[in-house]
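The values are calculated or read from the model by the stated rules, or taken from the named source; none is laboratory data. Quantities reported herein were computed from a predicted structural model and do not represent experimental measurements. Here the Cβ positions follow ideal geometry from the backbone for every residue, glycine too, while neighbour counts run over all protein chains shown.
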């Protein structure tokens with residue numbers, strides 16, 4: 001009988017954690033070592049229904065989903081894919097799984113959560129280092145002070161790319177419509193435009209727009225910038241909000257400005273790969289202030305085109321500096337406009353050097369062939385080392401190495417007894 005492995009995660013949500021959950025659960029099921037059950041959870045305000053909408057690919061998960069929150073028994077293995085403060089210990093062996101942190105310091109409640117588990121998996125070396133370096137002095141109600149730091153093991157389990165979806169395809173195989181983009185050379189950004197004043201939102205979309213406009217204004221030949229972004233959803237209202245934010249930034253730059261195009265709404269993974277391989281899309285650009293991993297950056301590299309991004313945080317695990325231009329800068333405190341319960345103001349993230357941004361954007365535009373060759377090498381590096389299959393191999397090794405053997409319930413078989421037959425005794429009444 002296989003050990004019961006219950007995984008609590010936002011598996012049916014349209015979210016980054018949902019995608020992470022589906023990949024991890026699929027890998028564990030495919031190992032065929034455990035009786036895997038899934039306890040679906042929410043992820044913020046993101047909608048449910050991903051599995052039904054992608055039945056052909058993910059419908060196999062349905063038989064594994066528990067229909068109630070009541071566990072059939074105490075599982076031998078219990079895992080949660082969420083933020084660490086939510087970690088619970090409901091199994092005989094407990095695994096916490098989180099993308100980690102994009103900054104240099106985490107909330108102390110995350111360390112408390114990590115310490116509740118027997119083992120923790122994070123998406124990047126950056127997250128592992130931050131958790132292991134975090135130290136806090138905690139004071140209880142009686143005034144007693146204790147030192148809080150990580151006590152439990154942390155392993156890096158990267159987010160492996162699906163090579164059946166994300167891959168290089170020829171121009172003839174691309175049928176995604178970008179006819180509205182007039183230019184033959186476009187930079188692409190992919191990511192959410194979330195809270196934070198100009199220059200302080202985590203993906204740094206506002207500063208990217210400003211830097212692009214300043215770099216190529218009044219130039220006789222100009223590239224385009226395509227933004228695949230949303231704010232809080234894919235609604236018409238959200239699209240108008242994004243367009244207004246772009247227009248506000250454009251008005252701060254004077255001169256003949258290059259074009260910016262908004263690609264808004266939900267795209268399938270296959271459609272995204274079509275965009276990545278489109279002949280008009282030449283490179284991906286991100287001025288991100290911090291990543292737990294940076295999944296779109298990895299997936300784009302498989303198109304064999306160059307990536308331009310910052311020299312900080314999770315994506316440094318898979319972006320080889322020999323093949324990828326990494327932008328310099330310095331650390332700065334998280335701005336109060338971007339801070340929340342988990343992005344704490346006392347932590348730091350990356351402030352990119354805008355002069356370098358302009359220099360690299362210009363050089364890639366003028367000397368594209370040089371960067372294209374490096375992009376091809378980065379694509380091979382990503383494919384070889386950061387695939388879904390490589391991730392599954394790593395998961396198998398970690399489980400085999402760390403999870404103990406659990407006593408098995410053995411059916412008790414008693415020997416057959418040869419008893420004498422009972423005889424009826426007659427008595428005289």
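Before moving on, here are some points about what is shown:
- Checklist (1) under 30 Å from residue 201 (Cα atoms); (2) surrounded by fewer than 21 Cβ atoms within 10 Å (Cβ to Cβ); (3) within 20 Å of the chain's Cα centre (by Cα); (4) touching a residue at least 40 places away in the same chain (Cβ under 8 Å) applied to residue 124, failing item: (2)
- The sole residue among 198, 185, 189 that is touching a residue at least 40 places away in the same chain (Cβ under 8 Å), surrounded by fewer than 20 Cβ atoms within 10 Å (Cβ to Cβ) and within 29 Å of residue 162 (Cβ to Cβ) is 185.
- Residue 309 vs. criteria more than 19 Å from the chain's Cα centre (by Cα), touching a residue at least 12 places away in the same chain (Cβ under 8 Å) and farther than 23 Å from residue 164 by Cβ: no
- Hey, residue 16 closer than 26 Å to residue 293 by Cβ, surrounded by fewer than 17 Cβ atoms within 10 Å (Cβ to Cβ) and either touching a helix residue (DSSP H, G or I) at 6+ places or on another chain (Cβ under 7 Å) or at pLDDT below 95 (or both) or not: no
- The one condition in (1) modelled with pLDDT under 95; (2) touching a helix residue (DSSP H, G or I) at 6+ places or on another chain (Cβ under 6 Å) that residue 268 fails to fulfil: (2)
- The residue pairs whose first member lies in segment 352-367 and is closer than 17 Å to residue 312 by Cβ, whose second member is at pLDDT 95 or above and part of a helix (DSSP H, G or I), and whose beta carbons are closer than 7 Å, counting only pairs six or more residues apart or on different chains, are 354/211; 357/211.
- Taken over segment 350-359, the residue count meeting the criterion of being touching a strand residue (DSSP E or B) at 6+ places or on another chain (Cβ under 6 Å) and surrounded by fewer than 19 Cβ atoms within 10 Å (Cβ to Cβ) is 2.
- Counting only strands (runs of 3 or more DSSP E) wholly contained in segment 41-141, the ones carrying 1 or more residues that are modelled with pLDDT of 95 or more occupy 77-81, 93-98, 119-122.
- Matching option when the condition is in the same structural domain as residue 359 (by TED's automatic domain parsing) and modelled with pLDDT under 95, among 252, 215, 230, 288: 230
- Count of segment 1-10 residues, restricted to those that are within 19 Å of residue 392 (Cβ to Cβ) and in contact (Cβ under 8 Å) with a residue 60 or more places away in the chain, is 4.
- Any hit, segment 160-176, residues being in a helix (DSSP H, G or I), in contact (Cβ under 8 Å) with a residue 60 or more places away in the chain and touching a strand residue (DSSP E or B) at 6+ places or on another chain (Cβ under 7 Å): no
- Members of segment 293-304 found to be more than 12 Å from residue 382 (Cα to Cα) and surrounded by 24 or more Cβ atoms within 10 Å (Cβ to Cβ), listed by number: 293, 294
- Exactly one residue out of 205, 181, 190 is under 24 Å from residue 266 (Cα atoms) and over 25 Å from the mean Cα position of the chain (by Cα), and it is 181.
- Hits in segment 250-262 (condition: under 22 Å from residue 296 (Cβ atoms) and touching a helix residue (DSSP H, G or I) at 6+ places or on another chain (Cβ under 7 Å)): 260, 262
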